[in-house]
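J.: I have a structure I would like to understand better, so I am pasting it below and will then ask my questions one at a time.
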Amino acid sequence: MKKAVFFTLGLTMFAFIVLSLSFLFAENASRYDERFIELVSINRVYDLDASLQTSFSKIFSTKSGMSYTASTTEAIFQHKLPLDYATLNNEYQKFRNFAQAENNKIVIDALPRNISLKISEIELRYWQNITKNISYFTPSNKNPSSYSFVLDFFETNISSCNSSSTASGNFSLSVAATGGNSTTCNLTLSINPNLQASVGIDLGSNALTVQFSNYVASVEAINNNVSVTSRVKYSANIKPKIELDSKINITIPYLIARRYGNIRIA
Amino acid sequence: MIDKKAFVLSLDASVAVVLVVLILAGSSFFFIKTNENFITNMQMHRAGSDITAVLDADGTLSTLDVVQIKSGIEDLLPTNYNMRMTINSTAYNYLIIVETESEDTGKKFIISGKRFFYAVQGGNAYPSSAKYEVWSK
């Protein structure tokens, strides 16, 4: 008789243990639902953000007249001075308005008047002052090992070119320019990167100046039609990632998912 | 006396077995319920998101062509799911709807998401968006 009671009690205890385990699993299941909502929200924000960045990257590659590539040791920017800001801004604005109208939780910065691109790892900022027709290269984290500018003035003749530097050093600044009637200007300076240097190109009625001081370089053009290819070399490895310094902000209300950051264009 | 004992023992054992079976059945219900929704729903979500991303990357969405987009979806969508894609593009003043099956989803669980894309056609480009909805058959 006692054996039977123990048997029943034992079996019942075992059943209750299984039942408690199942409750634990059920409790876990409800947590899975919460995790599911979180994961889906994060994925939705990621999809929206990634697709917006790809779209803006396409707008830049098709409408800016600029091209930009980066490898692990070099960043190359090609563009014309002056930049066709109006066409680029028009397309950018069209897409921005469309995305914000589709989803009021998406906020995209307007395209800055002075466009600024940066390689995030080394904080090299390339930016254009539209009104003054100047391109700047401003490193703020790691300094480059050389700058090289290839300029094409198309039909405009190069009258003369000159350079000035206050002291020699091991930093390379080179300018190779081509003008009409096979006129050229090729200068390579070995300079002290902490001091000033400049290259001036005389185009008759216009002029172009490459200024350098403390690793910051600028191309200042008065001429309205010049193609510029700028190469910035690094001795250390860099991550080939170029961002437009303009931000996208996406939030999903009541949930934790949010993304706020620059627009990656390459 | 012996008969009575035997009867009580049998009754006791039967009640215990019935009780255990009932409890185990209840428990298995909770065990089964635990994982099925999470995995299925995540898979549906990934399917919708990935298919839209692939169609965007290979330029199919950019065509804004119903036949090409439907063919692309059918190539990529697992057979046990249905998918509807609603495309809003500034190229047209109406919505483009592509679906694998025109069925009423009823009370089925639907996963949805959205991607933006830049539809380049000829020399023109149009801001566009694709909203996807996926549900099981």
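Rule-based calculations on the coordinates, nothing more; no lab input. Keep in mind it's a predicted model, so treat the numbers as computed, not measured. For neighbour counting, all protein chains shown are included, and Cβ atoms are generated from backbone atoms with ideal geometry for every residue, glycine included.
J.: Relative to the longest principal axis of the C-alpha atoms of chain B, give the angle of the C-alpha long axis of helix B:2-57, reported between 0 and 90° and rounded to the nearest 10°.
T.: Tilt relative to chain B: about 10 degrees.
J.: Further question: State the extension gain, in nm to one decimal, for the chain segment bounded by residue A:182 and residue A:34, taking 0.36 nm per residue of separation less the distance between their alpha-carbons. Kindly include the intermediate steps, with their values, before the conclusion.
T.: Values: separation 148, 0.36 × 148 = 53.28 nm, distance 6.98 nm.
Contour length minus the Cα-Cα distance gives 46.3 nm.
J.: Nearest 10 degrees, 0 to 90: what angle lies between the long axis of helix B:66-76 and the longest principal axis of chain B (Cα atoms)?
T.: The angle comes out near 40 degrees.
J.: For residue A:205 and residue A:249 in the same chain, what is the full-extension length gain: residue separation times 0.36 nm, less their Cα-Cα distance, in nm?
T.: In short, 11.2 nm is gained.
J.: Per residue of the range A:19-36, what does 6.51 cos²θ - 1.76 cosθ + 1.60 with θ = phi - 60° give for ³J(HN,Hα)? Whole Hz please, x for Gly and Pro, Karplus curve as stated.
T.: Each residue of the range A:19-36 in turn: 4, 5, 4, 5, 5, 4, 5, 5, 4, 4, 4, 5, 5, 4, 4, 4, 4, 4 Hz.
J.: Using a ≥ b ≥ c from the Cα gyration tensor of the protein assembly as shown (square roots of the eigenvalues), is it rounded, prolate or oblate, where a/c under 1.5 gives rounded and otherwise the larger of a/b and b/c decides, a/b for prolate?
T.: Numbers: a/c = 4.68, a/b = 2.48, b/c = 1.88.
Prolate, since a/c reaches 1.5 and a/b exceeds b/c.
J.: Also: For peptide A:42-52, compute the average count of partner chain beta-carbon atoms within 10 Å of each residue's beta-carbon.
T.: The per-residue average across the peptide is 5.
J.: Go through A:63/A:118; A:247/B:70; A:58/A:118 and tell me which ones have a Cα-Cα distance over 27 Å in this structure.
T.: Working: A:63/A:118 19 Å; A:247/B:70 34 Å; A:58/A:118 17 Å.
A:247/B:70, as the Cα separations exceed 27 Å there.
J.: On average, how many beta carbons from a partner chain sit within 10 Å of the beta carbon of a residue in B:114-122?
T.: Shielding by partners across B:114-122 averages 6.
J.: Right, here's the next one. What pairs in B:107/B:137; A:105/A:239; A:239/B:114; A:2/B:4 have C-alpha atoms more than 23 Å from each other?
T.: Checking Cα-Cα distances, A:105/A:239; A:239/B:114 exceed 23 Å.
J.: Report the gain in length on full extension from residue A:27 to residue A:6: 0.36 nm times residue separation, minus Cα-Cα distance, nm rounded to one decimal.
T.: 4.4 nm
J.: Here's another thing I want to ask about it. Where in the range B:37-58 is the amide nitrogen less than 18 Å from a point lying 7 Å along the Cα-to-Cβ axis of residue B:75?
T.: B:47-58
J.: Specify the angular offset, from 0 to 90 degrees and rounded to the nearest 10, of the alpha carbon long axis of helix A:85-102 from the longest principal axis of the alpha carbons in chain A.
T.: 10 degrees
J.: Still on this model: Please average, across the residues of B:9-18, the number of beta carbons from any other chain that are within 10 Å of each residue's own beta carbon, and give a whole number.
T.: Rounded to a whole number, the mean comes out at 3.
J.: Please list, ordered by chain and number, the residues whose modelled amide H lies under 5 Å from the amide H of residue A:183; skip anything fewer than 5 residues away on the same chain.
T.: When sequence neighbours closer than 5 places are left aside, the close amide H contacts are A:158.
J.: Taking R0 as 51 Å, what FRET efficiency do you get between residue A:157 and residue B:58 from their Cβ-Cβ distance, rounded to the nearest 0.05?
T.: 0.60
J.: Any chance you could check the Cα centroid distance between the range B:42-82 and the range B:86-137 for me, in angstrom?
T.: The range B:42-82 and the range B:86-137 have Cα centres spaced 10 Å from each other.
J.: Further question on the same structure: Positive end of the charge dipole of the protein assembly as shown (Lys, Arg +1 and Asp, Glu -1 on Cβ, about the Cα centre): tell me which of A:138, A:25, A:36 has its Cα farthest that way.
T.: Result: A:25.
J.: Hey, rough spin-label estimate for residue B:99 and residue A:107, points 7 angstrom out along Cα→Cβ, what's it come to in nanometres?
T.: Between residue B:99 and residue A:107, the simple spin-label model gives 3.7 nm.
J.: Mind telling me which of A:144, A:82, A:112 comes out most flexible in a GNM of chain A, alpha-carbon contacts under 10 Å?
T.: Evaluated over chain A, the most mobile residue of the options is A:112.
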